[in-house]
Structure formats: C-alpha cells, structure tokens
1. Taking the range 463-481 as the region of interest, how many residues are touching a residue at least 60 places away in the same chain (Cβ under 8 Å) and out of contact with any helix residue (DSSP H, G or I) (no Cβ under 8 Å at 6 or more places or on another chain)?
2. Looking only at the range 340-358, count how many residues are touching a residue at least 24 places away in the same chain (Cβ under 8 Å), touching a helix residue (DSSP H, G or I) at 6+ places or on another chain (Cβ under 7 Å) and farther than 18 Å from residue 296 by Cβ.
3. From (1) more than 30 Å from residue 388 (Cβ to Cβ); (2) in a helix (DSSP H, G or I), pick out the condition that doesn't hold for residue 243.
4. So residue 453 fits all but one of (1) touching a strand residue (DSSP E or B) at 6+ places or on another chain (Cβ under 9 Å); (2) over 26 Å from residue 380 (Cβ atoms); what number is the exception?
5. Given the structure, is residue 108 surrounded by fewer than 20 Cβ atoms within 10 Å (Cβ to Cβ), outside the structural domain of residue 272 (by TED's automatic domain parsing), in contact with a strand residue (DSSP E or B) (Cβ under 7 Å, 6 or more places away or on another chain) and within 17 Å of residue 192 (Cα to Cα)?
6. Given the range 438-552, what strands (runs of 3 or more DSSP E) lie entirely inside it while holding 2 or more residues that are within 30 Å of residue 426 (Cα to Cα) and modelled with pLDDT of 95 or more?
7. Condition first: part of a loop (DSSP other than H, G, I, E, B) and touching a strand residue (DSSP E or B) at 6+ places or on another chain (Cβ under 6 Å). Now tell me which residues in the range 76-89 satisfy that.
8. Could you tell me which numbered condition residue 235 fails, if it satisfies all but one of (1) in the same structural domain as residue 498 (by TED's automatic domain parsing); (2) out of contact with any helix residue (DSSP H, G or I) (no Cβ under 6 Å at 6 or more places or on another chain)?
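The values are calculated or read from the model by the stated rules, or taken from the named source; none is laboratory data. A quick note: this is a predicted structure, and the numbers were derived from the prediction, not measured. Note: ideal-geometry Cβ built from the backbone for every residue, glycine included; neighbour counts use all protein chains shown.
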C-alpha cells in the first residue's frame, strides 16, 4: 500500500514515547462530552454570482427566454420577419416575438439562441423544449424546432429537429423532446416558421429532462449532486450583495420569484457589472426562486436560511454619507417588514388561512417548509442598520417567537464597524450574528483561536461567508484550503459559540466569473470539486455530535486539531489534524477512557507530487509549486481525499501526519 507508506504509518505504544519527544501529543478525554455540535454547523452559501443560477445550477439552457432583457432580443439571432411585441399573456413578462413570412421565398423566418456563455448538449440525453404560442388569425401553423452543432462540418448543422403544430388564437403551452445523437460542445436552439401563417411565441425554453430529482423547472443534476454530497446542515440563499441590490428596486424580491415561472419578472443582478469584469447580459430570470430553494433544501436535508433586504441597498455601490434613495425611510420601510412576515407565512402558514401559504400549496407543497432561521440584511454597517433591524424584530418576535433572527457584524471581521455592530446586535437581542472573513493565510491560521475567549452568553456566531484569499494569490489553491481547515478546527472546538459556518461563494462558471476563489467550478458540460470543496466535505461528513476536550502539546507551531464524539455512530471518536508545515510530523493521540482494540478509518487530503502542476485555469494563473495548485476541469483529481482502514490498540495511537495535509481519524471500539 504505497498510499499508507506515503501519508501515515501506524505505530503503537513503543512509538508513543518517541513521538512525545519529537512531535505532537493530543490528549483527548473521551469520557467527558463538551458542547453539542449543531446540525447546522457546516453548510453552504448560495449566491447568483459567477453565473451561479442562470447558466449554472438552474437547468434552463435558453438565455432571455421571455424576451424581457432591456434589449428584448439580447441573446437571440434573428432572420426574416421577426417582431417584438409587448402585450403578451403574462402581466409581469409581457414581451413576445411574432414570426411572420419574410416575403421572400429563399429567406426563412426564425430565431436562434446559443445559451449562457455558449450552449452544450450531451449525446443521447433528452432535452425538453417548451414554448407558449398562438396563431394571431385563429388558424393553424407550424414551427420547426431544432438543435444545431455549430462546429459540424456536415452540410447541415441541425442534428435533430421536429415540427410543432400550433392551433388557434389562444395562448397554449407546447412541448416536445429532442435527443442529440452525440455530445455537442458548441450548440444552439433554433425555432423556424414553416409556411406563410404567422405565429407568436413566448417563453421559449430548453431543459434537460434528466434534472435533479426530475423536476421540470429543475436544477442541473451534476451541480446539484455536488451540493448534496457536501451533506450541508444549512443553506443560506439567495445571496449576499444581490439581496441588497445596487438600488432598492433591483434588490432580490422573493415575491417575484414564486408562482408560475412564465410570469416571474426579470431582475438585474448586482453582479451584472464590476470594476474589472463587467458582464453586459447578466440578469436574473427568477426561474430558480424561493420555492425551488426551499424544495432543494428539503431534498438535501439542509435547514433553509433565507436572507432578506433590510431596506438598504448595497453600500459599496452608493454614496452613503447621507440618507438617500439607497435606504428606505419612514413608511417605506413597512413594505420590507411586510415582505419578511409574508415570507414566514409562505413557508410555515396554513394554505386555508393565508394567501402566501396558499401559493406554496398551489406550487405543489401543501405541507409547511418549517422555516426556523431568517437573516435581515446582508453585510450592512453604520449607524442606520441596527435601528432598521429592530423595526423588523419587533413584529417578528411578537408573531413568530420561534423564528431565529440573524443580524450582521458588517463585511469585515474586525475594525471599528465590527466593534460598533457587535454590541448593537447584543442590544437588539438577535439570535445569531453573521460574520464574514475574506482574508489571507495569516488571518485564517491565527483565527483558529478566534473564539477561544469569546463571550459565551448572548448571540451565537454564524460564520456566513469565508474563504482564504492568498497574499497576491487570490485564486483556488491547495494551501488556502489547508488554512481554511486549520480555521475550522477552531470553529469546531468552540461549538458552544459557533453554530453555523458556510464557505463562499459556492459556484463559478469558468468563462463567467467575477469573484474567486470559489468552491465548485464548471463549464456547460463539466464540473470540478476544488480542494476547498473537499475540506468542507470532510468536516461536514465528520461533524460528530459533541465536542471532546483536547489539549495539544509538543511541536505545535504547524499543527491544528479538534476532537468530537459521534453518538450517532456508536460513540466514535473523530480527530481532525491539520498540518500546515512542509514536513511530516509524528502525532500521538491519547484517548483517555478508551482502552480497547478499535478500528480506525483514516482519510487524508494532501497534494501529491506525482502529478504535474499544470495550469489552474481559473483566470489563467500559472502555478509553480504544489501548494499553489488545485483541481481543474481538465485535471479534476489532482487533489482528492484517500481513505484506508486499520486496527489500533487504544488508548495510545501514533500516526505520521503528512506535510501540508488534512487528516481525519474516525476511531470506533471493536466489540
């Protein structure tokens, strides 16, 4: 077993004395359970950034399917008699296209869509095309719907197509299934008018039939499965800055994201623009809306944690020196407060008694979603936030005392704004305070002790957004993931203070990112787990139920550790050890109170020198060391966990922990 030789060697009592002298000793009391670890301890944060929703997790392949972009034909190529109209059947999405005879026998009339940052299709997979259509003159007409391979050298680009008969002047939904015979990396969808009779078309859509759980308005299956595989205890959504919006009018409005998908209005995402990576066609269709978020949380076993606007637009986008249009004032704040109350009813209310709960039932979920947590505001700061938050809390506490309310300590993990807001959150009586950490390696390593002397009374901590941004190396890299793991051992040891933690951001399209590092990267066909993903997964699936007291002695400069008991797995003891140094180090694990033969499942995440470094390909950063590398779409298994099982004799176990690695030891008594 070369892997065992490379990553660790098991020794027994004879080696224990040697390890005490040269390495690190972990003293763990298995008889004394500490704080309970919340099921929500490790979770995920979803934001529609980096094309995370439309063009990402949301399965729709057609961009601007309802012609509602500011330029109604953005994303479409047209030929012949194509006219945009705005008196369609859906009040909040009124635009549609009329296809009419071009007047020339050798010129077709049609529209073509190439999707989000391209369109790609898997060979042999079924794709469901739907369209709302009518014949203005109450006659019959025909449309030809096809899929094209734009790289094909054949005489015809079209690889599969079919005809749809459209009847009558009333709007109706039509559906067909298309199956491309081979995988197409550069594809397009076409809709052509056949004959001379005009046809109106609206909400032109193409979805894989094989979505997550088979939902028609569903999620891209591979990306959804990667999220499910994290086994998250909580899911925060729909984002951070997009919740605020660049203006109050462009904030994420959850009420626009529910009901029939054809009638969900377009919204401009806060990430449509930026200083360096502006996107000119990045809008939210709201197809992935609050109902879909809550449904997904239910299916993956995560507590839903929605974030709502507190009535303040993104402070990074506005002049906040004085109150202005960026902040709701006076009676206008009541609309935002009512949104929060209505959301709780949408999630938990009785369909027979509440209009919002009735919509939930009509969408296919008569049972409540059992909402427990609600965040008001994203990362606001300054003197105005706390009073506005209190205005929300008063009616919510009165009507729904069981709802846990989350406030913010601002966008920074320290400094005057952070120091100002924490006392304000205590005064307000919030249940959790959302802290954000986008810092360098030194911060994350020192942050492992951040909560050791934190106040034990008052609001609990929610580490709502965090990721290690390397000094001068702000991309996904293995050493950053190692630092994140070291930081997480501190979260775990202080589980009485920290109850939730979510890495951010979750998704990034390889050709459409604005922010990095990110946990999962993808293109239109493939996806890849980063080393940060594996760190999050290892901690989540080995969360345990209770903290165990642990003391660390010896050569501890580069070692970070935590220990937990898992009462759901025969009281297994789980020890997490992070070695941030460049040398292997012997570690002695002394399990007080556990004197028996045991099985030990060892999982190690470490960068192997056997594979070439290659190119990170997250912005074309050439790497020059193992610590700067990560997985990529072309090399997805550059860094992956390896697991092996052995028998050990407790209480003394000695292991060799590999340089720059995360090791998980799950130890269970053999009976």
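1. 3
2. Total meeting the criteria: 3.
3. (1)
4. Only one criterion is unmet by residue 453, namely (1).
5. Values: surrounded by fewer than 20 Cβ atoms within 10 Å (Cβ to Cβ): yes; outside the structural domain of residue 272 (by TED's automatic domain parsing): yes; in contact with a strand residue (DSSP E or B) (Cβ under 7 Å, 6 or more places away or on another chain): yes; within 17 Å of residue 192 (Cα to Cα): yes.
Yes: the conditions hold for residue 108.
6. Numbers: elements: 460-468, 498-503, 507-509, 520-522, 527-529.
Those strands (runs of 3 or more DSSP E) span 460-468, 498-503.
7. Filtering the range 76-89 for residues part of a loop (DSSP other than H, G, I, E, B) gives 80, 86-89.
The answer is 88, and nothing else.
8. Of (1) in the same structural domain as residue 498 (by TED's automatic domain parsing); (2) out of contact with any helix residue (DSSP H, G or I) (no Cβ under 6 Å at 6 or more places or on another chain), only one is false for residue 235: (2).
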